[in-house]
Every structure is written in structure tokens, then in C-alpha cells.
Amino acid sequence: MLKIVADTHTHTVHSHGTGTVEDNVKAAIALGLRRITISDHGPLHMCYNIKDVEAYLRDIETVREAYKNDIEVLAGVEMNLLSSEGDVDFPEQWKDRFDVFLMGYHKLVRYKTLSDRFNMMLFKRSTEKAVERNTQAYLNAMDRYPIDIIVHPGYGLPVDLLKLAEYAAKKGVVMEINAKHPEFTPEELSACAKTGVKFSVGSDAHSPGRVGDFLPALKKAEAAGITAEQVINAE
Ligand SMILES: [Zn+2]
Ligand SMILES: [Zn+2]
């Protein structure tokens, strides 16, 4: 099985996780991880958004400094897809203060228009037309924002994974194999891998006890024949 040396996706009390930044970092150190990304939810999620971005970034900075000899701590944000045009709640005014931009689909966000809300939340049918529209939304987002990682693709919103992978590969955007939402089948994952896209394995931990808990994602990756060279946080 792949050896994962970093957790690329974790939540804290700044959105709806149960642990503090320090709790997550200590959990990662205990597991021997070399790097951890704190990635709470973007500003336009209606329930789980980072409540105070200044406090969030300050907290990460303090913990980063305190544990700098043990682990690397990255400041991330898990942004939300808001429209079929690919609008995302990218925190423009703080962009230089984040290290990593993750982006994925979540319901209960402030959709750009009422029709986006209908199309993406209420009527997310797997019709050909809907899948095409959703996939195009992700592609547009990759064109419009400096996205590093597309998180849990296919979760909550049906997309054409292969088309997404092809475009991500072209743009140098990483596709996540999420341990909490391992939506890919091994066959889909293996087809995506053939595009040359790179993957990240993220726990999507919402409590310190789940930091570094990659097992469901690793099982999928193994079944799909994914190698360490294809995963940014493996060796
Ligand atoms: Zn998410
Ligand atoms: Zn998450």
C-alpha cells in the first residue's frame, strides 16, 4: 500500500471540525507525518464557513512557528463551487496569505443565482446534460482561479471524472482521493490516472482522531494500481 507522508485536507473548530489547529498538528506529528494542511471551509458556505479568517490565519501561523522543528503546517482553504459558470468563493483579499487552495462542491453554499441553486442542489440528476454542465463548471473554475486541488470530485454533484482528470492534468491541478468520500470506483480512478493527472490523498478529518486516517482512499488507490509517483503526498 502507498505510504502517505502528509495530510492534505483537515478541518478544525474554525469551521466545523472538533479539534483546534494545534490538536490536528499534534495528531499528525504523533503519526510521523511531515506536513499537514489545515483546510477549513470557504467564506460562502452557509453553515461551515471559516468564521473569522484573521483568527484562522493567525492561529495557523502561531502553531506553525511552535512546531516548526516537527512538521510543516500549511494554511489552506476548501473553497466552494457556486455556479455552473465556475464561480468559487476565492478569498481574493487574503490570497497571498494562503499556501493551498482546495476546491469542491458542497451543498448549502451561497449559490450565485437561483438557477445555480436549482441546477446544483435541488435537481442534481445524472442526466447527460447535467453532467456536462457540472463538469464544465469545474473546468471553468480551474481557468478562473488558482486551484491546487479538486477535492472529492463526484461527491454531491455528478461529473464526468475522466474529462475532469484530463483538464486537471493539462492545468497542473491535483485531483483528490478523499478518505471520507472515496467516490471513485477503482476503474474510474485508473482511467483518470492514465491522463497523467496527479492525485492527493486527504483524510478530510473533522476531528484530530481522524487526521492521517487514509485507509478507504488507500484501498481504492491500491485497487486502481495507483503508484507513489502519481500521488503528491506519497512515497
Ligand atoms: Zn468537502
Ligand atoms: Zn473537507
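Figures for the structure shown
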| item | result |
| --- | --- |
| Nearest-0.05 FRET efficiency for Leu215 and Glu54, computed from C-beta distance (R0 30 Å) | 0.25 |
| Residues of the stretch 19-42 with amide N under 15 Å of a point placed 7 Å along Cα→Cβ from Lys3 | 31-35 |
| Ordering of 16-24, 128-136 by packing [mean C-beta count within 10 Å, highest first] | 16-24, 128-136 |
| Cut-off under 5 Å, modelled amide H: who pairs with Glu72 long-range | Arg35, Ile36 |
| The stretch 134-197 - charge dipole about Cα centre, Lys and Arg +1 at Cβ, Asp and Glu -1, debye rounded to 20 | 160 debye |
| Modelled label reach - Asp70, point 7 Å along Cα→Cβ, the stretch 12-35 residues with backbone N closer than 18 Å | 12-13, 19-35 |
| Two-site FRET efficiency, Arg35 against Lys95, from Cβ-Cβ distance with R₀ of 22 Å, rounded to 0.05 | 0.60 |
| 5 angstrom amide H check on His152, placed H, neighbours 5+ away | Glu176, Asn178 |
| Whole-Å distance, taken between Cα centres, linking the stretch 149-176 and the stretch 33-90 | 20 Å |
| Tensor-based shape of the chain (alpha-carbon gyration tensor, a/c under 1.5 rounded, otherwise prolate or oblate) | oblate |
| Debye, to nearest 20: dipole size of the chain, +1 on Lys, Arg Cβ, -1 on Asp, Glu Cβ | 460 debye |
| FRET efficiency estimate (nearest 0.05) - Cβ-Cβ, Ala223 to Arg125, R0 30 angstrom | 0.60 |
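The numbers here are math on the coordinates, done by the rules we state, and not lab data. Model, not experiment: these values are computed from the prediction. Here the Cβ is made from the backbone with ideal geometry for all residues, glycine too, and neighbour counts use every protein chain on show.
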